[in-house]
Each structure stands twice: as structure tokens, then as C-alpha cells.
Amino acid sequence: MKTGFKSILHILIILIFNNFLAQLNAQNLSENKVVNDTVRTADTLRIQQEQLDDIVRTKADSERTDFHNNMKMTYLNKNAQVRYQDMQIDADYIRIDWSRNEIYARGEVDSTGRIIGTAVATQGGKPYEYRDFQYNFKTRQAIAYNARTEESEGVIVAQKTKKYNDSVFFMRRGLYTTDEYFLAKKDSLADYHLLAPNIKLIKGRQSSQVVTGPIQMYVEQVPTPLILPFAILPFSDKRSAGILIPSFGERQDVGFFFNNFGYYQPIGEHFDLKIMADFYTKGSWNLRPQMNYIKKYRYSGNFAADIGSTIRGIQGLDDYSKTNTYSLSWTHSQDTKANPLLNFSASVNLVSSQFYNNTINNNYIFNQNVLNSQQNSSISVTKRFLTLPITITGSARYAQNFATGQGDMRLPELNVAVNQFYLFKPKTGVRQGLLENITVNTGFNVNNFVTTNEGEIFTDAMWKKMQTGLKNNIALGTNTTIAKYFTFSLGANIDNALTTKTITKRYNPITNRVDNITYNNIAGYSTFSTNTSLQTTLYGTKIFKAGSKIQGIRHMVTPSVGFTYSPDFGKPSFGYFNNYYDAVGALTPYSIFEGGIIGSPTSGMVGAVNFNIGNNLEIKVASKNDSTGVKKIKIFESLNISGNYNFAAPNHRWSLITLNGQSSFFDNKLSLNSSLTIDPYQILFLPDENRNFRTENFGHFSVQGFNLQLSYPLSEAIFGEKEELSEKYKMKGEIRNENYYFDDDYYARFHQPWTLNINANYAYTRTQTQFGNKVASVGLDGSIALTPYWNINGSTHYDIMTKELAYTRIGISRDQRSFTINFNWVPFGQYKVYDFFIGIKANILSDALKYEDRSFTQPNAPF
């Protein structure tokens, strides 16, 4: 009896202790560590060692743990959460089967038991959404339904997902889309998606990729005929090598084409390389390599080339043509903080003369490259010193002229500039008087210059024509104040120059022209000039009586008068000028440095008095829109009148008189610039000839040149309503997931920003012609947003003299959620082309899912 009683007592103690453990486990809402499991066998308990790798932490609004049939279950309801290693599960309901090491989680259910919410599993900081799923925290395998995971720029939604390990996922009937509204859950249906029956998602430490079998594109849930046998989508925040997907099509002038086929290859940490090629069935081709490089806080740059051959027509017929073209470009910029004492920059653009006329690429027409008349390139290195007051700049420059087919090259060019310094700077105190204010600016320039044809670059012919020159300039200047209101300035300039080429001119009676004979010899010249000026500022103010619309007028005048002297360097004693006899036997002087790299000295003595009168005119008017009650209007921001009288000149002592004005109106929106050139001497024209000669008859002022430029940028901000939409319209709703305001008739209201820039130009130049030349044109460019999705932009140019529209471009763009639509059209002029494009906006699919249609034209084609 005692033994039986002891056995029963032992069993009761064990049951009580076991019950106590169960209650303690149910109350612990923060963490559970499963070290062993208790299994009932007959009348005894056996401990099984089931050690986990980490602590399983749980919490929920309601938590319960049950033991039943050798099983231990934990139930978490409402705001349930389980954390194990790098995995976190958040759901409306979670069930943990400790004996099988399994977790089941689901989203919220409605009254019918249908799951309407989502459960979220976060692993390694990346969330995954599911309707419901089952996860084994020992094997780390899982099965999920209606799984949703964001990858790169898109999202994958799969009907069923099986997770084999942390790196491999298999999905059944999965779709992929980059629709930003679907990603943000602003829409339950994507505007497009790619659907595949089977998807394999492979995740790596730094990148992931999706591999599918047959995949089909759906637009607005409607299947399209776009079906691919397989697809590979790489997801990576880092650069990775890969093939660039080409586009296909046909053009009448060059045949079927295979465009933008290429390969991208990152090179190390700072470089990447992209090579693209175009092929056409009639023989044309283009090769476009491009390399980018960047080193943070140091420098960045780009190399690019476009080399190709354009073949049109059929060989043997009159319409056949073959043009070989090239374009080489290099840009380099250095961070200013990388090395303040040494800076290197480059902007190189070398193109063949017919490159921009190669209209296989319509982009050169849309961005107006075909209108370029000149192309400039430069490379420069600038060196500064901490202890030396000099700056050294080395450069190479090349300017191509497409009209003449020639280019001006400066290679290399070295400039040494000495920082400005005061010659007699006092050790202490403020500089006073002319002597202490004397400044010195000096330096020298070494230049190698040649004008060459495209085919002569870096050939013996180019080097033979190259000129070398050295030029030094010393500028002295000083100033002081006289009688408190006048500024007196005094200065001198000294130029010294050397060159390796001089010329001799001779009249050739056989050809009836003047021949220039070039000599390779070292020669030079020195010139100097002095100048002085006196300047002051005068103010005139008129205040009107109170209540007047015009409050006052202020006129500021800055007159200055000066004197310039330089000797006659055309005297034979200097040796800078020679003479030749022209066709009629007249002795004609010329400079032996004419047309050279260092310029030419001037002939004739200069002892000229020059003048300049600057004006600024403002009025002050009453304004209710201004907080101060008044508003300033600038009639003339500047109006300058200048000219000179040369006492030493044998004739025509008065120079041309020039006027330059600048004004702005309508709150500085309308900008107006003008210039006027007047000849004070009478000009007579020979009978029946469009040639003139200038007489000594002073006082017959005639206009020799006039220019007027006007620009006015307009926008909806100037004429639009100031009231906010939220204040004017109270009703707000949605159309296609976008918020709008609605008026009383339920019409959607939204801002329609627009811009319109007006540019006008009129120029008249008489020179030596009787009637002169006139140029007049009006240019317009602007854009308008018809809706938040539609935008129209364009530009045009109207020649008033010829009454013709010149270059005109019209562009239309449409934001179609995941897609973008662009249409560009040049309807007039020598090149009439259009481009149409529709494609995915997301970078990952922008090269793969797109459609392009382009027209074509031929240069110099008759229209």
C-alpha cells in the first residue's frame, strides 16, 4: 500500500510540475528556447534532445501552448510575430508545431473564412508577402501561396512558391511587373505583366536572377502575341556584364537593320565599357564603343566613338553613294577639391565633315547637330604654386569649320601669367597716390598654330604649315582720386612678339592676283602704347508731387574722356612693313606678319581722344502690388555712346560712333539689347556700281549697322490663376489611381504648366554696299502639359526676309504608367523626319520591351 501510494504521489508530483512548466511556457510572450520535448510513454516521461540553433522568440495579442497526443503546439492570434535567426514572421495567425519544427502563418480572414490579408516574412532585411505559408525552421524550407516579393525595380507574384533553401525558390504561375502603382499597392491589377508557368529565383549575396520557361506579356490583363521561349532577368545593385538587346526594322534607304546590338562589361571599380553596333542589309554599318570612368572626389570622364559607313542606292546607278564617317569624343573633369594646385580638363569632339549629315541616326536632326557650323575641342592643364606668384596653363585646341572643311589647330599652347602685383606697395597703411597704386600685369604665351584640311591632320603637310609664335605683354596701370569726384587713370602697354614665319606680297599679272610668299625665318616686333582717362559719375533726380502716378525719375550719367598714344610702326625704320605694286601700279603697304600667329603691329600714328558716355535711367511709379507702394522701372539699364578723334590721322580723324543699349521690362521678363553704328562722314557711291568711297565731308551721319535682339519667356505663372486648386474646388477624387479636383459639373481640374520663349532678331549691315544686308527672324520654343500625362513641346524659326519656316521640331510625350511614349517630328526644312517610341520605363526592361519606328530622309534631297 505504501509503495503504491508513493508511486501515485510521484506521478502527481510529475504531473503538477509538468503542468507548471506548460503554464510558464504559455505566459512567456517574449521568447521560447526549446531544449527538450516531453513524450508520455505508459506511466513515465522520456526526454528527447531536439536542440535548435537559436532562440525562437514569439509575441501576440493572444498566445496558447497545448500538449496533445505526443505533440506540442503553440497558437498565436492577432499581431502575431515569430523571430528565429534572421527570419521574422508577422501575421494575423501563426501556428507552431514544435515536434515537427514547422510554422504555419496566414493573413487575416473574413467572416466566411476566406483569407483577405497577408502574412509577411522578412529574411535578411528583405520582406516577402504571402496569403499563407508553411515554414520549417530546421530545414529552412517553405511552401507559400500567393507569394509577393519585390526584386530590383519590379515585383514577382506567384500562385505557389516552394523555398528549397535561402538561395533557391521555385514558383508556379508567376508574374513579374514594374508597374509603380501596383508596387505601391495603389492598384490591385498591374497595367502590364509578364506571366510564366514556372519561375526559378536564385538569390546571391550581391545579386539575384530569375530564370523562366515560356513567358508571355499581358497588357491590361489582355494577352499579347509577345511570347519568349525563356527569359533571364538579373537583379543586382551592382554592375554586371551582359548582352544589350538590339532592335529590328526596315528602312527604304538602307534596307533591313539590326540596331543597338552590343555588350556591356564593367572593368574594375572605376571603369565600364559598352560596345554597340548597327548593321544594314545594303551594306551600311556603325560601331559605337563607349567607356565611362569615375573616381569619387577625384575625377570623372567619358570616351566615345562612332565609326561607320553609310551606303545608299545600288552600286553602278546614279543614286549610289558611300560615305565613311567618324566621331571621337572625350570629356574629363576634375573635382576642384582633388588638387587645388593642379587641374586637368578635356572636352574633345572630332568629327568628319559629313558626320552630322549621316541621317541614319535621326537624333542628330532632333538635337540640331545638323545645323552646327563649327565644332570645338580643347584640352588644358593648369598649374598653380604655393610659393610662386605665377600660373602656368598648357592647352591644345582645335576648331573645325564644316562650311570650309578646314580647321584651326593650336598644339600645344603654353601660357605663363604672373599674378598682378603693386610695384611700389607701401609696407604699412593704405595705398595713396599714383605711384603707390601702380599695378603690373605680365606674362608670356607660346603658341603653335596651323590651318589645315581634314585629310592633312598630323601629316607632313600640316607640320610644314605650322607656325610657332611667342608673345609677351606688360601692362602698367595706376589710378587716383582727384577733387573727390573724379577718377584719374594712367596706363601703358608693351607687346613683344616672335614668330617663325613671315610673308612677302607680289602682284602676279598672269593670274591677276596678289601672291603671298611664306618664308621660314625668325622675326619679331615690339610695340607700345599709353593711355590716360578721367571719369566721374553724375546724378539727376526729379521728384513729382504726391499722388502722381510717377513718383520720380533718376538719371545716372558716367562720362569718361581719355587719350591714347602710339607711334607709327609702319615707318621703314622699324622694318615691320613692306610695299608692293598693285594692278594699277599703286604702291601698297603690307605687314610682313600679316595673317600670322602673333598678329601685326599697327601702322600710322595714333594720338586720339576717346570718349564714352554711360547712361542709366529709372523711374519710380506707384504700385498697389508692391508692399512698399512703389515700384522701380528701368528704362535703360545701360545706354553707352562711344567714339574717338585721332589728331595724328592724315584723314578721317573721327571714328565711327557706336551706341549700345540694354533694357528689361515687365519685371525683367522682356529683355531688349540693341546696337547702332553711325558714320559721321559722307559716303558716295559710284554710278552704276554697288561700291562706295568715304569722303572727308563731316556731318553726314549715316547708319552703317543696327542690331536689335528681343527675348521674352512666358509661362502660366504670369497669366495663370493665383488661387490654389484645393481652395477653388472642394471635391476630390481619383481617376486611374491619380488624385484630381473636380468642379460642380464633375470635370477634372488640374494644373497645366506651359512655357513659351519668344526670340526675335533684326540686323542691318551696310559695310560697302549701297543697300546693305538685312536679317530678320522670330524664334519660338516652349512646352505645354495638356494633362498630367500628356506633354507637347517644340521649337520653330521663321525667317522674315525669306518668309519661310526654317528648322521646326514638334515633340509629343505620354506617361503611360509603366510605359513612356515619345513622338518627335521635323516637318519642314532639308531634313524631314519623325521618330516614334514606346517602351517600358524601368531600366531592367527598357532595352528589351520597346517598339521604335523611324522615318528616313537623304541629305540635300529635294522637297
Problem set entry | Residue satisfying condition, being in contact with a strand residue (DSSP E or B) (Cβ under 7 Å, 6 or more places away or on another chain) and not in a strand (DSSP E or B), within set 704, 752 | 752
Exercise. Could you say which residue among 713, 680 is without any contact (Cβ under 8 Å) to a residue 60 or more places away in the chain, closer than 30 Å to residue 564 by Cβ and not aliphatic (A, V, I, L, M)?
Worked result: 680
Problem set entry | Matching residues in segment 794-829 - criterion: being in contact (Cβ under 8 Å) with a residue 60 or more places away in the chain and of a type in the set (S, T, N, Q) | 816, 818, 824
Seminar exercise, completed: Scanning segment 69-100 residue by residue, those in contact with an Asp or Glu (Cβ under 8 Å, 6 or more places away or on another chain), at pLDDT below 90 and of a type in the set (S, T, N, Q) turn out to be 85, 99
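Rundown of residues vs (1) of a type in the set (Lys, Arg); (2) more than 20 Å from residue 673 (Cβ to Cβ); (3) at pLDDT 85 or above, yes/no style:
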site: 697; (1), (2), (3): no, yes, yes
site: 720; (1), (2), (3): no, yes, no
site: 729; (1), (2), (3): no, yes, no
site: 735; (1), (2), (3): no, yes, no
site: 742; (1), (2), (3): no, yes, yes
site: 753; (1), (2), (3): no, yes, yes
site: 770; (1), (2), (3): no, yes, no
site: 773; (1), (2), (3): no, no, yes
Seminar exercise, completed: Among strands (runs of 3 or more DSSP E) entirely within segment 541-645, at least 3 residues that are surrounded by 15 or more Cβ atoms within 10 Å (Cβ to Cβ) and under 42 Å from the mean Cα position of the chain (by Cα) occur in 606-622
Exercise. Which residues, counting only those in segment 484-538, are assigned to a loop (DSSP other than H, G, I, E, B) and either within 47 Å of the chain's Cα centre (by Cα) or among the charged types (D, E, K, R) (or both)?
Worked result: 484, 536, 537
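What are the residues in segment 203-230 that are over 19 Å from residue 260 (Cβ atoms), modelled with pLDDT of 80 or more and surrounded by 14 or more Cβ atoms within 10 Å (Cβ to Cβ), if any? It would help to see each step written out before you state the result.
Kept after step one, since they are over 19 Å from residue 260 (Cβ atoms), are these residues of segment 203-230: 203-225, 227, 229-230.
Narrowing the set further to residues that are modelled with pLDDT of 80 or more leaves 203, 208-225, 227, 229-230.
Residues satisfying the conditions are 203, 208, 209, 210, 211, 212, 215, 216, 217, 218, 219.
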Problem set entry | Residue that is nearest to residue 150 (Cα to Cα) [pool: residues in segment 227-241 that are in contact (Cβ under 8 Å) with a residue 40 or more places away in the chain and among the hydrophobic types (A, V, I, L, M, F, W, C)] | 235
Exercise. So residue 613 fits all but one of (1) without any contact (Cβ under 8 Å) to a residue 40 or more places away in the chain; (2) under 30 Å from residue 479 (Cβ atoms); what number is the exception?
Worked result: (1)
Seminar exercise, completed: The residue from 157, 109 that alone is touching a Leu at 6+ places or on another chain (Cβ under 6 Å) and of a type in the set (A, V, I, L, M, F, W, C) is 157
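The values are calculated or read from the model by the stated rules, or taken from the named source; none is laboratory data. Just so you know, these numbers come straight off a predicted model, no measurement behind them. Glycine gets a Cβ as well: all are built from the backbone with ideal geometry, and neighbour counts include every protein chain shown.
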